[in-house]
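Visitor: Supplied in structure tokens, the structure appears directly below.
The values are calculated or read from the model by the stated rules, or taken from the named source; none is laboratory data. No experiment lies behind these values; they were computed from the predicted model shown. All Cβ positions, glycine included, derive from the backbone under ideal geometry; neighbour counts span all protein chains shown. Remember, those area values only see protein heavy atoms, side chains included, never the ligands or the DNA or RNA. Shrake-Rupley method; radii C 1.70, N 1.55, O 1.52, S 1.80 Å.
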Protein chains: 2
Amino acid sequence: MSTAPDKLVRLREALEEKGIHAYIIPSTDPHLSEYVPDHWRIINWLTGFTGSSATVVITDSFAGLWTDSRYFIQAEMQLPGSGFELVKPKAFQNTDFIDWLSGSLENECTIAFDDRILSINQVRKLQKRLSSKNISFDTECDLISELWTDRPPMPDSVAFDHPLEFCGKDRMIKIAEVREKMKEMKVNYHLLTSIDDIMWMLNIRGNDIKYSPLLTSFVIVGEEQTLLFADESKIPLKLASEFDTLKIVMLPYEETAAMLSTLPKKASTLINPSSTSAGLFNAITKGMRIVEDISIPTILKAVKNKTEIANISRVMVKDGVALTKFFYWFDENHGKTEINELSISDKLLEFRSEQKNFIGPSFETIAAYGEHAAQPHYSVAKDTASIIREKGILLIDSGGQYLDGTTDITRTIAIGVPSSQQKRDFTLVLKGMISLARAKFPLGTKGYQLDILARKALWDHGLNYGHGTGHGVGFFLNVHEGPQNIGTSAIADNKSIIEPGMLFSNEPAIYREGEYGIRTENLMICYEDEETEFGQFLKFDTVSLCHIDKTLIDKSLLDESEIGWLNFYHSEVYEKLSPFLSDSEKQWLREKTEPL
Amino acid sequence: MSTAPDKLVRLREALEEKGIHAYIIPSTDPHLSEYVPDHWRIINWLTGFTGSSATVVITDSFAGLWTDSRYFIQAEMQLPGSGFELVKPKAFQNTDFIDWLSGSLENECTIAFDDRILSINQVRKLQKRLSSKNISFDTECDLISELWTDRPPMPDSVAFDHPLEFCGKDRMIKIAEVREKMKEMKVNYHLLTSIDDIMWMLNIRGNDIKYSPLLTSFVIVGEEQTLLFADESKIPLKLASEFDTLKIVMLPYEETAAMLSTLPKKASTLINPSSTSAGLFNAITKGMRIVEDISIPTILKAVKNKTEIANISRVMVKDGVALTKFFYWFDENHGKTEINELSISDKLLEFRSEQKNFIGPSFETIAAYGEHAAQPHYSVAKDTASIIREKGILLIDSGGQYLDGTTDITRTIAIGVPSSQQKRDFTLVLKGMISLARAKFPLGTKGYQLDILARKALWDHGLNYGHGTGHGVGFFLNVHEGPQNIGTSAIADNKSIIEPGMLFSNEPAIYREGEYGIRTENLMICYEDEETEFGQFLKFDTVSLCHIDKTLIDKSLLDESEIGWLNFYHSEVYEKLSPFLSDSEKQWLREKTEPL
């Protein structure tokens, strides 16, 4: 038996000293976000696991990490030596760390956690499901700050204005729209904890978090004033004076809880229990009416306005040009110079950086060669980056943050001649992608109703993929954005009705462990289609622009209408991108986009 | 302004006398069932509306009825003169009577209802959503018994044994299986309120309710004893003595609540909050641990055992023979003798009655001609029964209760030459039915994921239908049975995972108000398909046997695989049914089932 690493040993000493039987650490921050500044990446520091979603439980004899299936391979590679084990649920059993606690802890134990980074929904679930065990909860227990001596400080970037030409709607109007909805819901206050909600409403951005242009802050929208909890030093004077005109009052970030406790008891507050920490929730004036629902800006920002949609169309051309230049460069240089997964990532960034208004990648580029691509969220490291050889499958999932929009696109290409299984797999994934892209459906349809369109061709052949099919995408904001979602499950959110103006990813895939992975991903915008006596129908318009590798297509598996879709898409790709390409790039793209 | 009818006037007098501002009446009984004895059909008595699902609210100035879209046309026809108006929700707004109460009542009103026939879930919802209005609730308010002088008595049929050769599993074993699950869930008692759960577990049936072989009763399963609340006179001696051996103790039906209040406080009880009345729920010993979940027999009986499945296959042959004989008779006699919607129903019953072990129809036969078929649940009356003319669409939805299974099948046929729109509509519905019938999907798939398969062809043409696609079917029990369900919504039940052994209907449709309706419905059983590295896959096997009217098919809309499915299905129909047909019937069926 190996001895536990130092960090775990010291954490256990702290547990023993305080009489704690189990300590819970989530991967989130006080905003319950997927996008977390380094200061809050406790699990990464403690276990070495770098995935974006996990929970850790530590007892005197156990140290386990729960994550979702996207990250199983990665966790199995990163955890050894950390003292932590990966806990996988059994098939179709949605067991989680609470089930483990429930099954493993004795009655009358003490469970501890830091309620600043656990949502009130999670804490309720925890307390409810352990209610029969008579557990004590130490809810304000931060054992990390003391142990983590070289912890990165809280981020301190400075906000910048997101101009009207990009965002399309004045902050004053947005705040008024939020207040109108608050009136309809009969609430006096609305607590905003999700940073992207705040950025959207105030038309500001920051640089506090890698890949997402966020400024760490909370907001309370009142009927007259808007309280912005962000340290004064983070708001430049010009913005601050405009905020002043709009009755946006700045207060220190740390005072959010204190302010919540001074709200008048007779008033009512709207909060989202999934993104509000138990700590903040419990700070709210006792006896006040609390309405729990999805936050209003989350709903409003999911539907892109006309300016945003026009900008998205333009940004897709820029992103497509960067990708096309990259793939041309790759074709020209592969076999001549050594290219590995990391240098692909660098080169792609180089091409995107040439585009106007480009700010940075919208997430860590996944450039995964061969078996690495079997990890849906493969994360490359310097010492493990594969060199691209003369044969195999290369999957590149990348995106950019531009002032005029956020992109997210995946292309899978063949190096050398692909096997017939690879071609079949690729073509079945493509069929799914096309089927969802061409969907026509009545207003009121929810994402989980459409998911099978992307899977059916795979299922028919006994194949499948373990992640969702489509996520919402922010506008110069988080690359993953709710509430919209196209997936197999309806449990996560019943508010997944698809509306005109929503932006979705469409990304079916297949992963063969130890062999290769294939994913094709485009973004689509929802529009109105015809209205009939049976109601208003909707459709998608695919907006991402980049050729799809025809050498991986088994044409015999496509029907005429699918071939028609692909040929039309390719003609659009050529038409829109070629004006921005050199003659040789143009010639190369013409071949890549010739009709099938 | 017309004066309110007498019943409503007297009800309002009672409201005023008791100081009640709003009175709520549901369409259910103390078992919260869709299948209700006449004694509890209060809404029918009060308003004339005969649909199976509705809620009524009465105030001094308003009398409204809420029902689902299946029954809108019917309610609009039946309500005039009753003093009640149909309240339709706006599109995509799931507004219900609670929203109406919330929007219409003053603060500090009194709302009354009879808590014996409202589920605890409904009452909680009601109280929660009206919480800001400071409403008083009079929960034990029965205003009906006094007013309804000729009310039918409580049903008094006598139970009969459902033999092992049909049901396939001994009642002793079933009870043991329920107890095993109770142990897993750590509960000492399990209250059963759904009568079909009780019938299944005890292998008994009764005749208390039209169309469903039910015996009004409650059950409390304990760790040693099973308490059956049904009046002694309803259990024949032979059954009673067997029950005695199995520690099944009989108690009067009316004593259920009293017994619940004597359960030991330290024990725990499992109840289903959707099918347990608020009255019974509130009777349970205070302070006792109550576990709320779907009831165990509901889950167990949804998966048919091998004997049941073998019986279902045989019963489908009998039912198919009866239908074929009927359709042959119709073809021979239509144009010679007058046939109307009611005589169709009678004739169909005649043919089913010739089959072995036939007990009765499993629901009121829907024989709907022309525009009548645009009502999904058309209910015929003597004075409105249409005569079948020389042209038009005839929809027949019918089913049988047999000792060896329950059937439910819809066929739509053309009288004369159908229009091209009728053929297109019929073929699109057929495409949907075939697509769902041929589905292959991984274990763990939920009904709402598959629903689109039945709709896609319709949606592609801007068409749709307003009801679910598939319901579970009982085994010589209710024709609608949960928890499985194939529909657009996931809100009703998250426990809709499709499992091998489950029996489903598959019934896409289209309704053109004022013109015609088309529906094609088969039953299917779920089986295991191949297991791959991506998991276990499942499939359906269509078990209903009756030809599909080829004169309504537009072949140009079907692809080869769909034609192949239909031809194979028709060859099976002929092969399995022809041994039981006369020579002329056989010849007729051969033509009907010839390859397309």
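Visitor: From B:L538, B:L503, B:L523, grab the single residue that is within 22 Å of B:K301 (Cα to Cα), in a strand (DSSP E or B), within 11 Å of another protein chain (Cβ to nearest Cβ) and touching a residue at least 24 places away in the same chain (Cβ under 8 Å).
Guide: B:L538
Visitor: Which members of region B:465-505 meet the condition of being under 16 Å from the mean Cα position of the chain (by Cα), farther than 23 Å from B:A310 by Cα and β-branched (V, I, T)?
Guide: B:T469, B:I486
Visitor: Could you please let me know if A:Q421 is open to solvent by 30 Å² or more (accessible area, probe 1.4 Å), within 14 Å of another protein chain (Cβ to nearest Cβ) and either touching a residue at least 12 places away in the same chain (Cβ under 8 Å) or of a type outside the set (G, A, S) (or both)?
Guide: yes
Visitor: Here is a follow-up. Please give the number of the condition A:S489 fails out of (1) over 21 Å from A:T67 (Cα atoms); (2) within 14 Å of chain B (Cβ to nearest Cβ).
Guide: The number of the failed condition is (1).
Visitor: Which strands (runs of 3 or more DSSP E) sit wholly inside region B:125-244 and have at least 2 residues that are within 24 Å of the chain's Cα centre (by Cα)?
Guide: Correct list: B:189-192, B:218-221.
Visitor: Continuing with this model, one more query. Sort out which residues of region B:434-447 are aliphatic (A, V, I, L, M) and either under 18 Å from the mean Cα position of the chain (by Cα) or within 13 Å of chain A (Cβ to nearest Cβ) (or both), and write them in order of number.
Guide: Within region B:434-447, B:L436, B:A439, B:L443 meet the criteria.
Visitor: Restricting to region B:556-591, what's the tally of residues that are open to solvent by 20 Å² or more (accessible area, probe 1.4 Å) and either of a type in the set (S, T, N, Q) or free of Cβ contacts under 8 Å to residues at least 60 places away in the same chain (or both)?
Guide: Total meeting the criteria: 20.
Visitor: Another question about this same structure. What are the residues in region B:215-243 that are within 20 Å of B:P37 (Cα to Cα) and open to solvent by 50 Å² or more (accessible area, probe 1.4 Å), if any?
Guide: B:D231, B:E232, B:S233, listed by residue number.
Visitor: Follow-up. Identify, from the list A:I144, A:I175, A:I120, A:I135, the residue that is among the hydrophobic types (A, V, I, L, M, F, W, C), open to solvent by less than 30 Å² (accessible area, probe 1.4 Å) and without any contact (Cβ under 8 Å) to a residue 40 or more places away in the chain.
Guide: It is A:I135.
Visitor: Sticking with this structure for a sec: Just checking, which of B:L348, B:L428, B:L436 is touching a residue at least 40 places away in the same chain (Cβ under 8 Å) and out of contact with any strand residue (DSSP E or B) (no Cβ under 6 Å at 6 or more places or on another chain)?
Guide: Going through B:L348, B:L428, B:L436 in turn, just one is touching a residue at least 40 places away in the same chain (Cβ under 8 Å) and out of contact with any strand residue (DSSP E or B) (no Cβ under 6 Å at 6 or more places or on another chain): B:L428.
Visitor: Is it the case, given these coordinates, that B:K90 is basic (K, R), within 14 Å of chain A (Cβ to nearest Cβ) and in a helix (DSSP H, G or I)?
Guide: In short, no.
Visitor: So which residues in region B:285-295 are farther than 17 Å from B:S194 by Cβ and open to solvent by less than 20 Å² (accessible area, probe 1.4 Å), if there are any at all?
Guide: Scanning region B:285-295 gives a single hit, B:M288.
Visitor: Now a separate question. Read through the list (1) within 14 Å of chain B (Cβ to nearest Cβ); (2) part of a loop (DSSP other than H, G, I, E, B), then give the number of the only condition that A:C546 fails.
Guide: With (1) within 14 Å of chain B (Cβ to nearest Cβ); (2) part of a loop (DSSP other than H, G, I, E, B) applied to A:C546, the lone miss is (1).
Visitor: When B:L246 is evaluated against the numbered criteria (1) surrounded by 21 or more Cβ atoms within 10 Å (Cβ to Cβ); (2) touching a residue at least 60 places away in the same chain (Cβ under 8 Å); (3) over 30 Å from B:I525 (Cα atoms), which criterion, by number, is the only one it fails?
Guide: Among (1) surrounded by 21 or more Cβ atoms within 10 Å (Cβ to Cβ); (2) touching a residue at least 60 places away in the same chain (Cβ under 8 Å); (3) over 30 Å from B:I525 (Cα atoms), the lone unmet condition for B:L246 is (1).
Visitor: Criterion first (assigned to a strand (DSSP E or B), of a type outside the set (S, T, N, Q), at pLDDT 95 or above and crowded, with 22+ Cβ neighbours inside 10 Å) does A:F441 satisfy it?
Guide: Criteria met by A:F441.
Visitor: While we're on this one: Which members of region B:356-402 meet the condition of being hydrophobic (A, V, I, L, M, F, W, C) and assigned to a helix (DSSP H, G or I)?
Guide: Of everything in region B:356-402, those that are hydrophobic (A, V, I, L, M, F, W, C) and assigned to a helix (DSSP H, G or I) turn out to be B:A373, B:A374.
Visitor: Could you list, in sequence order, all residues of region A:453-484 that are more than 7 Å from every other protein chain (Cβ to nearest Cβ) and at positive phi?
Guide: A:F476
Visitor: Okay, moving on. Check off (1) in contact with a Gly (Cβ under 7 Å, 6 or more places away or on another chain); (2) crowded, with 23+ Cβ neighbours inside 10 Å; (3) outside any strand (DSSP E or B); (4) within 14 Å of chain A (Cβ to nearest Cβ) for B:L450 and give me the number that stays unchecked.
Guide: (1)
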